[in-house]
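Report on the following structure.
Read-outs: derived from the displayed coordinates by stated rules, not from any lab. As the structure is a prediction and not an experimental result, all values here were calculated from the model. Cβ: placed from backbone, ideal geometry, glycine included. Neighbour counts: every protein chain shown.
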Amino acid sequence: MMKFPGMPEPPPEQLAMQQKMMALFSLPSYIIGLLVAIFCIFGALRMMKLKGYGIAMTTAILTLLPCGACCCLLNLGAGIWALVVLNKPEVKSSFS
């Protein structure tokens with residue numbers, strides 16, 4: 001926890017509760033982020049092979065969501081680019 005000059009020290013019960021809450025919510029969010037990242041890699045590979053248009057669109061939309069990654073601006077650019085390209089008629093027709 002950050003300390004600012006002039007702020008009183010929080011009670012130990014509050015610090016213990018903060019640590020419990022962080023432990024309770026951090027692990028599930030990491031697991032969800034990992035699952036989303038794995039699905040995005042799977043969808044990107046399917047997109048490269050021009051198979052599964054629905055999965056490709058889902059992957060492009062999921063890439064737009066900020067999941068706590070440090071490179072969310074790159075994800076945002078890649079997601080927008082994928083959506084623009086996937087909505088072109090010639091690209092839609094080339095998916096099997």
Which Cα, out of Pro89, Ala44, Ser26, lies furthest along the positive dipole direction of the chain (beta carbon charges, K/R +1, D/E -1)?
Pro89
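Can you tell me how much longer the chain between Met48 and Val84 gets when fully stretched, taken as 0.36 nm per residue apart minus their C-alpha distance, in nm with one decimal?
On the way: separation 36, 0.36 × 36 = 12.96 nm, distance 1.52 nm.
In short, 11.4 nm is gained.
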What distance in nm separates the two pseudo spin-label positions at Glu9 and Lys92, each 7 Å out from Cα along the beta-carbon direction?
6.5
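Could you sort 5-15, 54-64 so that the peptide with the highest average Cβ count within 10 Å comes first and the rest follow in order? Present the calculation step by step, with values, prior to reporting the outcome.
Numbers: 5-15: 8.3, 54-64: 17.9.
Peptide ranking by packing, descending: 54-64, 5-15.
Please give the direction-averaged projected area of the C-alpha convex hull for the chain, in square nanometres with one decimal. Display every interim value, and only then the final one.
Values: hull surface 32.6 nm².
Convex hull of Cα atoms, orientation-averaged projection: 8.1 nm².
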Taking the chain as the reference, fit the longest principal axis to its C-alpha atoms, fit the long axis of helix 53-64 to the helix C-alpha atoms, and give the angle between the two in degrees, 0 to 90, nearest 10.
30
Under 30 Å Cα to Cα from Lys88, which lysines show up? Leave out anything in the same chain fewer than 8 places away.
Lys49, Lys51
